[in-house]
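Data first, discussion second: the structure below is written as structure tokens.
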Amino acid sequence: MSPALIVVTRVIIALSLLGSVLVQVVILPLVWIDLEGEALWGRILLVAIAALSILCLQVGAIGVWRLLGLVRRGSVFSDAAFRWVDLIIGAIVMLSALVLVLAVALAPGEVAPGVVALLCGASLVIAGVALVVVVMRALLAQAIAREREARELRSELDEVI
């Protein structure tokens, strides 16, 4: 991965994190105020789901940021990468669950059934993204195993020579 691409990706992540903090600090309190006519449990649930969803995105962004650091240092094929990949998987799974909870919470209300179905579909798609990352984690594990095997074979070859 080129250093310029790593820098561009980090700039995008930094801007996204700044924007998400702005949403948490400014927009979510305004949403709380906007929902003043709703039942208290509904207000709490909607704002909490929004805040936790943003937190999931932030956690995923931090995981990608740390993986980019490993890529930059040339050590992405190490056991340290698993911690960040697992963190990203957890954030994606949690986001999928939050979208599903939102759909279930909106189902008995006055929300159109199509919106609830779209949210359920979005939850399924997000869970699918988590599965893709799980597959990529397995590929990372294979690559690390091959790297270790190659290192051992080079060491044995050096001893023979």
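Brief remarks follow.
- Complete set of residues in the stretch 29-42 that are part of a helix (DSSP H, G or I) and either aromatic (Phe, Trp, Tyr) or free of Cβ contacts under 8 Å to residues at least 24 places away in the same chain (or both): Pro29, Leu30, Val31, Trp32, Ile33, Asp34, Leu40, Trp41
- Residue match in the stretch 8-28 (condition: at pLDDT below 95, open to solvent by less than 30 Å² (accessible area, probe 1.4 Å) and among the small types (Gly, Ala, Ser)): no
- Hey, Trp65 of a type in the set (Phe, Trp, Tyr), without any contact (Cβ under 8 Å) to a residue 40 or more places away in the chain and assigned to a helix (DSSP H, G or I) or not: no
- Leu157 fulfils the conditions (1) buried (at least 16 other Cβ atoms within 10 Å of the Cβ); (2) out of contact with any Cys (no Cβ under 7 Å at 6 or more places or on another chain) except for a single criterion, (1).
- Set Ala105, Ala97: member being modelled with pLDDT of 95 or more and among the aliphatic types (A, V, I, L, M): Ala97
- Qualifying residue in the stretch 136-145 (condition: under 22 Å from the mean Cα position of the chain (by Cα), of a type in the set (A, V, I, L, M) and surrounded by fewer than 12 Cβ atoms within 10 Å (Cβ to Cβ)): yes
- Set Leu118, Leu98, Leu52: member being buried (at least 16 other Cβ atoms within 10 Å of the Cβ) and assigned to a helix (DSSP H, G or I): Leu98
- Lone unmet requirement of (1) of a type in the set (D, E, K, R); (2) over 20 Å from Trp65 (Cα atoms); (3) free of Cβ contacts under 8 Å to residues at least 40 places away in the same chain; (4) assigned to a helix (DSSP H, G or I) for Glu147: (3)
The values are calculated or read from the model by the stated rules, or taken from the named source; none is laboratory data. For clarity, every value in this text was computed on a predicted model and none was experimentally measured. So basically every Cβ, Gly included, is an ideal-geometry build from the backbone, and we count neighbours across all protein chains shown. For accessibility, only protein heavy atoms count, side chains too; no ligands or nucleic acids. Shrake-Rupley method; radii C 1.70, N 1.55, O 1.52, S 1.80 Å.
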